[in-house]
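Okay, so here's the structure we're looking at.
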Amino acid sequence: MSNATSSSLAFSSLDALPTQLAILDEEGVIVYTNRAWQEFGNEHDYQGDSSSVGMNYLGVCDLSGATDATTASEGIRAVIDGDREAFSFEYPCETPDERLWFTMRATRFVDGGDTYVQIAHLDITDRKRAELEAEEKAERLQNLARMLSHDLRNPLSVAVGYVDSLLDEVVDADGLEQVAGALDRMDDIITDGLVLARHDTVGELSTVDLETRAATAWAHVDTGSAELVVADSFEFRADPSLLGHVFENLFRNSVEHGANDGDLTVTIGVLGGDGDATGFYVEDDGVGIAAEARDEVFEAGYTTGEEGTGLGLSIVAQAVRAHDWDVAVTEAERGGARFEITDVERPA
């Protein structure tokens, strides 16, 4: 086999690799890229020659200033200088449509007396997403374990204490109310904990009506004197069970944490025009949520009250993510809390 044939075969084999691959000289200038590298540049609207040949890879990393780019640049220079045989690290890559994950690996080799570095970018998105999903599930189970081991023990101790005292004296209504209240709180914690632990994926999607589902959920919540107002309605696709948890926990949050000395009104409505609806909102005219706390309210365990489980809005966020929707909290026009759920799927 001739040298020319061998060289052609070598480049063809590199082009057949699914891994994005480039070769740099000692100055960091790209001297070769394979087909996968070029196709990635074309798919993501790289400005200029998608092959990147002639571009100084290290210079681009240095100009970026991003932490990942700096890490890559420093690692590649260490390989070029012979301080290490190889370098690799994982990094996220944001595209207009999604977040991807890659492993970059740099290895040094010598050809004809000249030093080169091979840069390979391997798409590990599926594996990384599986890891992150596993970590999220593990965190939920840890939260559930924390509730069962700690949060349930307090109301249980209260109930047991009052029962013991009732056995030694005449039963009175006040004591029984304390027992009932403690047991009710235990039931709330167990219910929220099971939702948080089990419902991480949607079941079968159905076409649902905003007003109907909201009214059903409202009837399942102890709303006291609060009033539900439906500004407008539309149909969209959802898992009815998970959607019920979204409404019930948003309503419960408004009633338990939003109410002030006056009456409370909770309003639901459509985001966007009827034909172009992108989602829906739930808002109240209560005390609202402070701007500095809005990034924390969806975290498991966050609560501003002594009676709450701190899981209601975490359940909302989890159910929203399971549908591939987005949720954001802001201030309502009348000063209360406003939750906006977007990217819902309309019926075909």
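Tabulated data
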{"item": "Near pairs, Cβ below 6 angstrom, 6+ apart or cross-chain, from region 124-145 (more than 26 Å from Thr19 (Cβ to Cβ)) to any residue that is at pLDDT below 80 and open to solvent by less than 70 Å² (accessible area, probe 1.4 Å)", "result": "Arg140/Leu196; Arg140/Ala197; Asn143/Ala300; Leu144/Gly193; Leu144/Ala197"}
{"item": "Selection status of Phe251, open to solvent by less than 50 Å² (accessible area, probe 1.4 Å), at pLDDT 90 or above and either under 28 Å from Gln142 (Cβ atoms) or hydroxyl-bearing (Ser, Thr, Tyr) (or both)", "result": "yes"}
{"item": "Residue list for region 33-54, restricted to those being at pLDDT 85 or above, farther than 19 Å from Leu100 by Cβ and crowded, with 17+ Cβ neighbours inside 10 Å", "result": "none"}
{"item": "Search result, residues across region 90-134 that are loosely packed, with under 13 Cβ neighbours inside 10 Å and in contact with a helix residue (DSSP H, G or I) (Cβ under 9 Å, 6 or more places away or on another chain)", "result": "Pro92, Thr95, Glu98, Arg99"}
{"item": "Qualifying position, being charged (D, E, K, R), open to solvent by 40 Å² or more (accessible area, probe 1.4 Å) and in contact with a helix residue (DSSP H, G or I) (Cβ under 6 Å, 6 or more places away or on another chain), among Arg237, Arg213", "result": "Arg213"}
{"item": "Index of the failed condition, Glu292 passing every other in (1) at pLDDT below 85; (2) of a type in the set (D, E, K, R); (3) outside any helix (DSSP H, G or I)", "result": "(3)"}
{"item": "Looking only at region 297-322, and only at residues there that are part of a loop (DSSP other than H, G, I, E, B) and under 19 Å from Glu135 (Cα atoms), the one that is modelled with the highest pLDDT", "result": "Phe298"}
{"item": "Boolean, Gly65 is open to solvent by 40 Å² or more (accessible area, probe 1.4 Å), modelled with pLDDT under 90, more than 17 Å from Leu21 (Cα to Cα) and not charged (D, E, K, R)", "result": "yes"}
{"item": "Selection status of Val221, modelled with pLDDT of 90 or more, within 22 Å of Val266 (Cα to Cα) and surrounded by 12 or more Cβ atoms within 10 Å (Cβ to Cβ)", "result": "no"}
{"item": "Unmet requirement for Gly258, which otherwise passes all of (1) open to solvent by 20 Å² or more (accessible area, probe 1.4 Å); (2) modelled with pLDDT under 90; (3) out of contact with any helix residue (DSSP H, G or I) (no Cβ under 6 Å at 6 or more places or on another chain); (4) not hydrophobic (A, V, I, L, M, F, W, C)", "result": "(1)"}
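The values are calculated or read from the model by the stated rules, or taken from the named source; none is laboratory data. Keep in mind it's a predicted model, so treat the numbers as computed, not measured. All Cβ positions, glycine included, derive from the backbone under ideal geometry; neighbour counts span all protein chains shown. Quick note on the areas: whole protein, heavy atoms, side chains included, nothing else; ligands and nucleic acids left out. Shrake-Rupley method; radii C 1.70, N 1.55, O 1.52, S 1.80 Å.
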